[in-house]
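**Q** Sharing a structure below in structure tokens format, with a few things to ask.
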Amino acid sequence: MTEASQEAEAQAADVARLIASHIRDVPDYPQPGVTFKDITPLLAEPTAFTAVVDALAATFGPVDKVAGIEARGFILAAPVAYRNGAGFVPVRKQGKLPSATFAQEYKLEYGTATLEVHQDAFEPGDRVLIVDDVLATGGTARATATLVERCGAEVAGIVVLMELSFLNGRSALTGLDVRSLLTV
């Protein structure tokens, strides 16, 4: 292992520890038996928030656009776009965008939902980074990737703050480069 790769691994471990120390577990939310991973303490602490945005922004090479998945993905994706000198594109729940959209349905544990993006959000050939807070089952990330591709753009990669590995969301994202800053 080279000195540069050792340094990169050490930095990644430092960011993961920082994230873990600023995540609050909320038992039985939003329903009994679920432990919610609350990122608001991390967002409220300037040094931690800056470190996370910098780490997310550094995960992939140059991109043209950064797509943020509603709603907490917006909080992370917008400053990542700014850091990368890229445009920001919101991927929203159905019925929230004012112009012509593409829609993509995806499965939830308890039913289905639909995400939308403006049809003109991406130019053909744009390299798009998809950013979200959590990778759980992979449904929203897969739906977002499909929307990006329907617009003629290329998914450069998917990066998330935290991956819940026990839900095996990566299996829904085969063929895509997926990275997480913290895996639990």
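The values are calculated or read from the model by the stated rules, or taken from the named source; none is laboratory data. Only a predicted model underlies this, so the values are computations on that prediction, with no experimental measurement involved. Neighbour counts run over all protein chains shown; Cβ positions are idealised from the backbone, glycine included. Areas reflect the complete protein model, heavy atoms only, side chains present, ligands, DNA and RNA absent. Shrake-Rupley method; radii C 1.70, N 1.55, O 1.52, S 1.80 Å.
**Q** Choose one answer from 98, 41, 124: the residue with the largest mean-square fluctuation in a GNM of the chain with alpha-carbon springs under 10 Å.
**A** 98
**Q** Shifting gears a bit: Quick one: which residues, 5+ away or cross-chain, put their amide H under 5 Å from the amide H of residue 36? H built at 1.01 Å from N.
**A** HN-HN under 5 Å from residue 36: 26, 28, 29.
**Q** Could you derive backbone 3J(HN,Hα) for the stretch 41-57 from the dihedral phi with the Karplus parameters 6.51, -1.76 and 1.60 (θ = phi - 60°), listing whole Hz in sequence and x where the residue is Gly or Pro?
**A** The phi angles translate into x, 5, 5, 7, 9, x, 5, 5, 4, 4, 4, 5, 4, 4, 5, 4, 5 Hz.
**Q** Over the chain, with a Gaussian network built from C-alpha contacts below 10 Å, which listed residue (18, 108, 42) shows the highest mean-square fluctuation?
**A** Taking springs between Cα atoms under 10 Å, the residue moving most is 108.
**Q** Amide H of residue 183 versus every other amide H placed in the peptide plane: which residues, excluding those fewer than 5 positions away on the same chain, fall under 5 Å?
**A** So residue 183 has HN proximity to 163.
**Q** Local charge sum around residue 151 (other residues, Cβ-Cβ under 15 Å, Lys/Arg +1, Asp/Glu -1)?
**A** Spelling it out: positives minus negatives among the neighbours equals -3.
**Q** What do the square roots of 5 times the Cα gyration tensor eigenvalues come to for the stretch 4-63, in whole Å, largest first, as semi-axes of the equivalent ellipsoid?
**A** Largest first, the stretch 4-63 gives 27, 13, 12 Å.
**Q** Using a 1.4 Å probe on the protein chains only, how many percent of the accessible area of the stretch 138-184 belongs to carbon and sulfur?
**A** 50
**Q** Apply the Karplus parameterisation 6.51 cos²θ - 1.76 cosθ + 1.60, with θ equal to phi minus 60°, to every residue of the stretch 123-135 and state each ³J(HN,Hα) to the nearest whole Hz, in sequence, with x for glycine and proline.
**A** 8, x, x, 4, 8, 10, 9, 9, 10, 8, 7, 9, 9
**Q** Continuing with this model, one more query. Would you tally the net charge around residue 102, using a Cβ to Cβ cut-off of less than 9 Å, leaving residue 102 out, and scoring K and R as +1, D and E as -1?
**A** Net of charged neighbours comes to 0.
**Q** For the stretch 177-182, what does the Karplus curve 6.51 cos²θ - 1.76 cosθ + 1.60, with θ = phi - 60°, yield as ³J(HN,Hα) per residue in whole Hz, taken in order and with x for Gly and Pro?
**A** Result, rounded to whole Hz: 7, 10, 9, 10, 7, 9.
**Q** At a threshold of 8 angstrom on Cα-Cα distance, excluding pairs fewer than six apart, so keeping six or more, what relative contact order does the stretch 1-141 reach in percent?
**A** The normalised contact order for the stretch 1-141 reaches 19 percent.
**Q** Of 121, 147, 78, whose Cα points farthest to the positive end of the dipole of the stretch 68-147 (charges on the beta-carbon: +1 Lys, Arg; -1 Asp, Glu; origin at the Cα centre)?
**A** Projecting each Cα onto the dipole axis, the largest value belongs to 78.
**Q** Just add up the charged neighbours of residue 121: K/R +1, D/E -1, any other residue whose Cβ is under 14 Å from the Cβ of residue 121.
**A** Here the charged neighbours net out to -3.
**Q** Another one. Select from 161, 138, 95 the residue farthest towards the positive end of the dipole of the chain; place +1 on Cβ of Lys and Arg, -1 on Cβ of Asp and Glu, and compute about the Cα centre.
**A** The Cα lying farthest towards the positive end belongs to 95.
**Q** Calculate, for residue 31 and residue 167, the FRET efficiency according to 1/(1 + (r/R0)^6) with r their C-beta to C-beta distance and R0 22 Å; round to the nearest 0.05.
**A** For residue 31 and residue 167, the calculated efficiency is 0.90.
**Q** Something else about it: Taking amide H positions as placed 1.01 Å from N in the peptide plane, with prolines and chain starts having none, which residues 5 or more places from residue 177, or on another chain, fall under 5 Å of its amide H?
**A** 158
**Q** Identify which of the listed values of Cα Rg over 2.2 N^0.38 Å was calculated from the structure shown: (1) 1.08; (2) 1.01; (3) 1.28.
**A** (2)
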